[in-house]
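Only one structure is covered here, and it is reproduced in the block below.
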Amino acid sequence: MLSRLSRESAAGRHRPAGPTRTKAHLTAVCTTALLVGLLPGTALASDAPPGAAAGWSAKTLKNASGRELPDRIPAADRARDLGSGYRASKDRAWTTSGDAEGFHLLVADAKDGYAWKTAATLSEPGFDTDAWVGNACVTRSGKRAAVAYAPRAFTNKPELMVRGAFAAVVDLTTGKVTKLANTASLAYFSPGCGTGEKAVFTQLTHDGDKRSGTRLVSVDATSGKSAKPVELEGQVTSAVPTDLGIVAAHGPRLVRIGADGREKEIARTRTVPFQLRPDRSGGVTFIERVPSAAKSGKKHSGSVESVARRVGAGQIARGRATPATLARGPLTAWDLTAAADGTVYITGNARTQGTLPGGVKNPGTLGKDDRISTRADAAVATTWATGDGTLLRTEGAGDGARTVRTQLRLLDTGGTAVLEALPGGTPLAPKQLAGGGSTSPALPVPGATTGTSGAGKSALAASPSNPVEAERTCAVPRNDAREQALQPTPRQAEWAVDQAVIDGLYKWVNRPANWNNTGMSGYTPQTLFPLPVLEGDPNSVVDRADEWHIPAQILLGVTAQESNMWQATRTVVPGVTGNPLIGNYYGIAYSSDGDQADPWAVNWAKADCGYGITQVTDGMRVGDTQLSTAQKEAAALDYTANIAYGAQILSNKWNETRIAGMTVNGGKPKYIENWFFALWAYNSGFHPQSAAGSNGGKWGVGWTNNPANPLWKENRGPFLESSSGGDDYSHAAHPQDWPYQEKVIGWAARPILGDVQAG
């Protein structure tokens with residue numbers, strides 16, 4: 001039997017009662033809202049499909065075949081539900097889904113009753129991940145898709161988030177996959193499609209770079225060839241191709257960028273525009289965040305709305321334009337999407353302002369996150385077929401392809417069809433599908449040098465006779481029979497967290513010499529990794545009886561986001577030992593400091609070496625002297641020691657940010673939201689003001705995880721929370737839309753699933 005993990009210790013101290021727990025999470029959301037100007041969206045009707053606009057209603061199609069959830073609309077129903085001319089239709093629905101097997105691109109043609117087929121499954125060798133995630137867009141013909149994809153863990157590393165995703169073009173007719181030599185951002189706007197068969201991939205600098213810049217790579221999806229990259233100063237976001245060049249947001253401005261990299265301002269905006277959507281008339285519609293409109297002479301305090309605005313082709317060409325306002329609504333209640341044919345749709349709940357141009361529609365019946373088919377005959381919402389919604393399953397059920405459930409809203413008839421499909425179950429082209437996992441030019445295999453970029457060499461060639469990988473850059477090797485990690489059960493991991501936050505592992509866990517046949521000397525986890533006193537603690541001691549410690553929910557949220565609560569690799573079941581989970585083993589790091597030929601490329605000779613359940617990195621490389629050998633081995637092989645090290649690091653981040661004056665809501669650690677800055681620093685580091693001179697003048701927490709960074713989708717709601725305040729685990733399918741600290745707080749409120757019967 002599956003159940004949500006409880007968040008209470010054996011004594012029941014750490015889990016607030018239901019209403020308190022919900023209130024704590026909502027307080028965290030409100031704190032975030034103060035930082036980024038977000039408010040929860042309008043509640044949806046309880047009988048509406050997930051993500052539907054308020055007041056939505058439609059009939060559900062009956063399946064003549066009697067199958068409860070078919071993979072297509074039954075043949076007997078198609079003429080009635082799709083129209084008599086459906087056989088000649090060129091409409092194609094498409095969606096994406098990710099799991100441990102890869103990032104899947106699925107398509108469904110109206111002429112076949114929207115039968116789902118898998119066009120491609122994208123992955124790369126050498127990554128031990130619980131799920132692949134990514135973004136995709138379809139070109140104007142509807143025949144090709146541009147895709148950026150990566151292991152889920154890339155969203156936890158600022159440098160990998162902003163330019164570490166792999167890139168490909170997929171032919172939606174033949175299934176052919178063309179891997180691209182460049183990498184890309186995982187931001188929701190990369191890649192961007194628009195006019196013609198071009199797509200634009202974005203790369204950004206990150207917190208560790210000495211300068212701030214953007215590189216845009218335009219790709220001809222027909223040939224798979226990339227144009228010369230355009231490099232720009234500052235942060236350029238939401239780039240899309242048009243007939244007049246690339247149109248993008250550069251701060252609070254809409255700009256046009258030529259092939260030579262020169263910018264021309266199209267219009268000034270109040271805030272950074274986002275969700276740029278080129279239309280079939282040559283214009284571009286976008287969203288801009290604005291204060292709420294006055295009602296009855298009074299403004300709603302703290303309310304935030306957004307407006308859809310548009311510039312026409314002539315305005316793009318001339319510049320200095322005043323965009324027309326098309327729609328307005330609560331910030332998190334609506335969005336924009338576009339069909340491949342250039343029709344732009346307002347989804348969710350937004351009020352039309354004036355008369356819409358011919359290429360923009362606001363039907364009022366679409367869910368906020370619906371994806372429009374290529375000829376705008378259907379809208380697609382995608383979840384998982386298991387019903388639990390969550391991408392992550394601690395007992396290892398995430399292995400292999402995962403059945404997806406799609407809800408098609410048929411725009412002409414007003415009906416819906418709920419269909420299911422197993423990625424890879426019905427390939428668009430079996431031979432091409434098998435090739436989807438081939439190595440990208442951007443990712444050389446160990447022992448090879450990088451091909452087109454001139455980046456640093458990869459790890460040294462492995463010995464053909466020794467399974468222990470001496471060529472590694474991380475401290476504790478894989479495939480060593482004496483250095484195998486124990487995979488904890490969810491309850492074991494939860495118990496260890498409950499004890500670690502109150503210094504309890506010191507009392508309850510005492511590992512004898514050669515524990516688990518590892519050959520290590522005896523130790524206790526919190527002797528190796530002592531729990532620091534939190535800054536501001538009036539007692540100045542670690543006292544498990546008071547409230548000055550990390551809330552267990554916060555550290556459990558870290559384990560969920562970082563590793564899916566795994567200490568060993570994903571193929572190891574709980575209670576068994578195997579290779580330690582290592583995020584980046586051979587080396588994945590970036591440099592823009594001139595130490596490699598292409599500063600935007602991957603340097604595969606480096607690694608951050610994140611180990612285990614909390615993905616600790618500090619001191620875990622070969623040759624690092626920050627930790628002793630005993631500490632490195634314990635952190636890699638023993639989940640209790642790893643959790644103790646994670647608690648130590650997180651406590652230190654609390655202390656660093658609090659000393660610097662970065663506090664939330666009075667700064668008492670018992671409140672979930674008060675860990676916002678500490679979590680921010682846990683992920684992207686903290687730079688003291690005293691070191692600003694050696695860090696390009698920068699100090700504090702990193703820009704990448706700033707909730708106001710346009711890297712993150714401006715109209716997002718709280719992570720894992722629906723607009724009505726309930727659970728929405730579908731967010732876990734696209735974690736690239738939220739900064740790290742918001743994801744951890746989401747997991748703290750809505751835990752992953754686990755097998756409660758495991759020992």
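The values are calculated or read from the model by the stated rules, or taken from the named source; none is laboratory data. Quantities reported herein were computed from a predicted structural model and do not represent experimental measurements. Note: ideal-geometry Cβ built from the backbone for every residue, glycine included; neighbour counts use all protein chains shown. Only protein heavy atoms, including side chains, enter the accessible area calculation; ligands, DNA and RNA are left aside. Shrake-Rupley method; radii C 1.70, N 1.55, O 1.52, S 1.80 Å.
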Revision key, fill the gap. So, with points 7 Å from each Cα along the Cβ direction, the Ser281-Asp727 label distance in nm works out to 4.5 nm
Revision key, fill the gap. Per the rule of 0.36 nm per residue minus the C-alpha distance, extending Lys507 to Lys111 adds in nm 135.9 nm
Check your understanding: Label Lys228 and Ser690 with points 7 Å out from Cα along Cα→Cβ: what is the distance between them in nm?
Key -> 4.8 nm
Practice item. Could you compute the FRET efficiency for Ala75 and Lys670, with r as their C-beta to C-beta distance and R0 at 60 Å, rounded to 0.05? Key: 0.50
Practice item. With +1 on each Lys and Arg Cβ and -1 on each Asp and Glu Cβ, and nothing else charged, work out how big the dipole of the range 482-545 is about its Cα centre, in Debye to the nearest 20. Key: 360 debye
Study note, to complete from the structure: Once Thr174 and Ile659 are pulled to full extension, the length gained, defined as 0.36 nm per residue separation minus their Cα-Cα distance, is 168.8 nm
Review point. Where does each of Met662, Met620 land when they are ordered by accessible area, with a 1.4 Å probe and the largest first?
Key: Met662, Met620
Revision key, fill the gap. Projected onto the charge dipole of the range 140-245 (unit charges on the beta-carbon of Lys, Arg, Asp and Glu, signs +1, +1, -1, -1), the Cα from Gly234, Leu204, Val147 with the largest positive-side position is that of Val147
**Study point:** Local electrostatic count, Ala221, Cβ distance below 14 Å [Lys/Arg +1, Asp/Glu -1]
**Key:** +4
Practice item. Let me know the Rg and Dmax you get for the range 134-262 when you use only its Cα atoms, in Å. Key: 13.8, 44
Practice item. Provide the FRET efficiency to the nearest 0.05 for the Thr322-Arg211 pair, computing r from the beta carbons and using R0 = 45 Å. Key: 0.85
Point to revise | Dipole magnitude of the range 227-349 about its Cα centre (Cβ charges: Lys, Arg +1; Asp, Glu -1), debye to nearest 20 | key: 560 debye
**Study point:** Listed residue pairs exceeding 18 Å between alpha carbons, taken from Lys668/Lys698; Lys117/Lys431; Lys368/Lys713; Lys210/Lys698; Lys210/Lys713; Lys157/Lys632
**Key:** Lys668/Lys698; Lys210/Lys713; Lys157/Lys632
Revision key, fill the gap. Placing each pseudo-label 7 Å from Cα in the direction of the beta carbon, Lys698 and Lys431 end up separated by a distance in nanometres of 4.8 nm
Practice item. Place the peptides 559-571, 89-101 in order of packing, highest mean first, counting for every residue the other Cβ atoms within 10 Å and averaging per peptide. Key: 559-571, 89-101
Practice item. Can you check what the net charge comes to around Asn642, using other residues whose Cβ is under 13 Å from the Cβ of Asn642 (Lys, Arg +1; Asp, Glu -1)? Key: -2
Check your understanding: At a Förster distance of 41 Å, what's the computed FRET efficiency of Thr625 paired with Glu547, Cβ-Cβ distance as r, to 0.05?
Key -> 0.70
Review point. With the dipole of the range 619-759 worked out from charges on the C-beta (+1 for Lys and Arg, -1 for Asp and Glu) around the Cα centre, which of Gln736, Pro751, Tyr645 lies farthest toward the positive end?
Key: Tyr645
Review point. How much of the accessible area of the range 147-300, probe 1.4 Å, is carbon plus sulfur, in whole percent?
Key: 48 percent
Review point. Excluding ligands, DNA and RNA, what is the solvent-accessible area per residue of the range 173-277 at a probe of 1.4 Å, expressed in Å²?
Key: 37 Å²
Exercise for review: Sum up the charges of everything whose Cβ sits under 12 Å from the Cβ of Val404, counting Lys and Arg as +1 and Asp and Glu as -1, but leave Val404 out.
Suggested key: -1
Review point. How do 713-720, 634-641 rank on mean C-beta neighbours within 10 Å, highest first?
Key: 634-641, 713-720
